Amino acid sequence: MKLYKYYPDTNYSYKSLSIKGLWCHYPNKMNDPFDCLGYIDRKFDAEQIANFKKHLDIKNQTLQNLLKWDDDKISNFINQQRKTTIEKFAFCSLSKSVDDILMWSHYASGHTGFALEFEFDEKEINSNFQEVQYVKELPEFRTDKLAKFLSGENEHLEYLLSDISIKAKLWKKEKELRIWRKQPTYYHYKLENLKAVYFGINCSVETKAIILHLLNEKDKNFPYYIMKIKDNPIRLTYK
């Protein structure tokens, strides 16, 4: 799978490249409040509440006490547990696209930055890699999955991560994929995962020189591309 990371022209970007790390941060630290629509409270009907109760581990005294609660209190508990799960995880964003004009404007400091191309094979793609869903309405939440996760069935974490990898549909062109970690940290990739560098149309000679210096571990045939404006239709391309 080929994925791209846009970088502004900053020292933080150079640090990321020098240590071969993709910085993952908490959702509430992102500049878009719609980055994790999972923060929004869901409403649960009687069937969803019953399904939640059905899959709780009643051997666990704390969870067993939930069975005595009314539906409204359980509904509030489910929403709080979802938020608690979100707050424990951090993510970094990558894209399946390297030629989106708005992404170069927003995430690569007005086309003065650069983008890295990565390739990950199937063995490296796991539940912590989540493709973002772009929605007009919040999907129905599987309360049974949360109940099983709270009961110790950790394989259901993948579903919870997918539930917090949803954004408003107007962001669809970003073609985003997220790497989730348990706390703010770097996701360290292998040198062989890095396949190419793309320089923005306004990228300075100095920035290009810094990037080339930081990538001196790569062989001489490592590809570098420069983004270009094309017309009819207006678009970005590279050479």
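The values are calculated or read from the model by the stated rules, or taken from the named source; none is laboratory data. In this text the structure is predicted, and so the values were computed from the model without any measurement. Cβ atoms come from the backbone with ideal geometry, glycine included; neighbour counts cover every protein chain shown.
Within the set of pairs 6+ apart or on separate chains, which have a first residue in segment 111-132 that is more than 13 Å from GLU192 (Cβ to Cβ), a second that is surrounded by fewer than 18 Cβ atoms within 10 Å (Cβ to Cβ) and among the acidic types (Asp, Glu), and C-beta atoms under 9 Å apart?
So the pair list comes out as ASN126/GLU158; SER127/GLU155; SER127/GLU158; ASN128/GLU158; GLN130/GLU158.
Taking segment 166-181 on its own, how many of its residues are buried (at least 16 other Cβ atoms within 10 Å of the Cβ) and either in a strand (DSSP E or B) or without any contact (Cβ under 8 Å) to a residue 40 or more places away in the chain (or both)?
8
Any idea which of (1) over 24 Å from ALA115 (Cα atoms); (2) among the polar types (S, T, N, Q); (3) without any contact (Cβ under 8 Å) to a residue 40 or more places away in the chain is the one ASN60 doesn't satisfy?
It fails just one condition, (3).
Quick one: VAL205 ticks every box in (1) farther than 21 Å from SER16 by Cα; (2) out of contact with any strand residue (DSSP E or B) (no Cβ under 9 Å at 6 or more places or on another chain); (3) among the β-branched types (Val, Ile, Thr) bar one, so which box is it?
VAL205 satisfies all of (1) farther than 21 Å from SER16 by Cα; (2) out of contact with any strand residue (DSSP E or B) (no Cβ under 9 Å at 6 or more places or on another chain); (3) among the β-branched types (Val, Ile, Thr) except (1).
Restricting to segment 77-116, name every residue that is more than 28 Å from VAL205 (Cα to Cα) and either in a loop (DSSP other than H, G, I, E, B) or at pLDDT 95 or above (or both).
Going residue by residue through segment 77-116, those that are more than 28 Å from VAL205 (Cα to Cα) are 77-91.
PHE89, the sole residue that qualifies.
Pull up segment 11-65, narrow it to residues that are at pLDDT below 85 and of a type in the set (D, E, K, R), then point me to the one that is nearest to the chain's Cα centre (by Cα).
ASP35
Check every one of the strands (runs of 3 or more DSSP E) wholly within segment 182-239 and list those with 1 or more residues that are surrounded by 10 or more Cβ atoms within 10 Å (Cβ to Cβ) and touching an Asp or Glu at 6+ places or on another chain (Cβ under 7 Å).
Counting at least 1 such residues, we get 194-199, 235-238.
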